[in-house]
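Below is one structure, written out as structure tokens; comments come after it.
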Amino acid sequence: MYESVRAAYVDFTATSELEGAVEHMYLDVKGLVTVGIGTLIEAPDGRMMDKALSIQFFFRGQPDQLATHDDIRADFHAVNSMAPGLGKQAYQDRTKLDISNDEMARLVLEMLDSLATELRKTPEFSDLDLWPADAQMALLSMAYPLGGAFAQGGRYPNFRAAVDAWDFVAAAHESHISEENNPNMRARNWANELMFVYADRVHKLGLPYDTPIFPNVLRSDGTVLDMGLAPRQAIWPTLKLGTTGRQVEVLQALLGMSPTGTFDEGTDVAVRAFQATAVDRNGQPLTADGIVGLQTWRALVLR
């Protein structure tokens, strides 16, 4: 994969709507002990994974006081005895150890390299190192929650056929991951769809392959609009009447307006008019309420 993809992926997946970044151990949506940016340290049978002992934990507020294996086991068992879905603070109150941002990034990149190796074993993904960077990002984003073997054994046949033909628009449609019991998957599906569409545009327009464009906007004519997002903010914000800032300028440009950066009444009228004629991913009409959420952003970028 491109080095630019490895560099961008940490901030992408650390976005709060995706995995988020948590310094201490916690339970994920499946009730498994996890740390950092979605790094799983509990085996399916409930045991602590050996790799947990190789993670550099330190005592909270004392980064120079490194944890022993017994300290790590104590935090693991404390969290493992709790219920899932309690929120970050509840798990923090029962733990004593943290990891650094650098350690979180190291764990993500270690996982990313492992996933890429496993993904290449799927014949249709064997050339993924040649794909546009946004397509690499999207495939890795699918594999992060599903595992590198997610399309083996005959699974995801339409998706595999699409990427084998470098039909990244079809791949965007077929990349959907079930959102049942996992609301965070909604944002991941949204991002993956856009990234595959961007890859198609990059390929067809002859744009450089080696740098991901998401989370910025790539229009169908090849124009890139900078969203001005902060690090670890890959999911675009919801905009409405009264909002100001760079994202409003991008919205106004997508609507064919002169960008002012202020979501005024004229912008509200234009948004509602667009929503009245647009549909969501499932082909259902958008609600013409003037609120620009993920589905309205999607419709604006993909038209």
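The calculated FRET efficiency for the pair S114 and M49, based on their C-beta separation and a Förster distance of 22 Å, comes to about 0.95. Its Cα centre serving as origin, the stretch 20-100 has a Cβ charge dipole (Lys and Arg +1, Asp and Glu -1) of approximately 160 debye. Annotation: amide H-H contacts under 5 Å for I177 (H modelled 1.01 Å from N, sequence separation of 5 or more, or interchain): none.
About the centre of its Cα atoms, the chain shows a dipole size close to 440 debye [charges on the beta carbon of Lys, Arg (+1) and Asp, Glu (-1) only; nearest 20 debye]. Under the combined filter of DSSP loop state and at most 16 neighbouring Cβ atoms within 10 Å, the stretch 164-195 retains these GluC sites (Glu not before Pro): E179, E180. Estimated from helices alone, the mean residue ellipticity of the chain at 222 nm is -13000 deg cm²/dmol (sum of -39500 (n - 2.57) over DSSP H runs with n ≥ 4, per residue).
For the stretch 146-151, the Karplus equation 6.51 cos²θ - 1.76 cosθ + 1.60, evaluated at θ = phi - 60°, returns couplings of 8, x, x, 9, 4, 9 Hz by residue, with Gly and Pro reported as x. Each Cα pair under 8 Å and six or more residues apart adds its sequence gap; the mean of these over the residue count of the stretch 235-303 is a relative contact order of 31 percent. Across the options Y2, V33, T13, the greatest Cα extent toward the positive end of the charge dipole of the stretch 1-47 (unit charges at beta carbon of Lys, Arg, Asp, Glu) belongs to V33. Working note: Karplus 6.51/-1.76/1.60 with θ = phi - 60° gives the stretch 166-179 the couplings 6, 9, 6, 5, 5, 4, 4, 5, 8, 8, 4, 9, 4, 9 Hz, where Gly and Pro are set to x.
Averaging the sequence gap over all C-alpha pairs within less than 8 Å and six or more residues apart, then dividing by the number of residues, gives the chain a relative contact order of 16 percent. Mean sequence separation of contacting Cα pairs (under 8 Å, at least six apart), scaled by the length of the stretch 20-100, corresponds to a relative contact order of 38 percent. With respect to the chain, whose longest principal axis is taken over its alpha-carbon atoms, helix 3-14 is tilted by about 80°.
On a straight-distance basis, which lysines could pair with K96 in a cross-link, Cα separation under 17 angstrom, same-chain partners fewer than 8 positions away excluded? Partners found: K88.
3J(HN,Hα) along the stretch 35-40: 8, x, 9, x, 7, 6 Hz, from the Karplus curve 6.51 cos²θ - 1.76 cosθ + 1.60 with θ = phi - 60°, whole Hz, x for Gly and Pro. For the stretch 67-201, the percent of C-alpha pairs falling in each 10 Å distance bin, counted from 0 to the bin holding the largest distance, reads 11, 33, 29, 18, 9, 0.
On the principal axes of its alpha-carbon atoms, the chain has extents of 60, 47, 33 Å, going from largest to smallest. A simple spin-label model places the labels of L205 and D71 5.1 nm from each other, with each point 7 Å out along Cα-to-Cβ.
Any read-out appearing in this document is the output of simple, stated calculations on the displayed coordinates, not a laboratory observation. What you see is a predicted model, and the numbers here were worked out from it, not measured in a lab. So basically every Cβ, Gly included, is an ideal-geometry build from the backbone, and we count neighbours across all protein chains shown.
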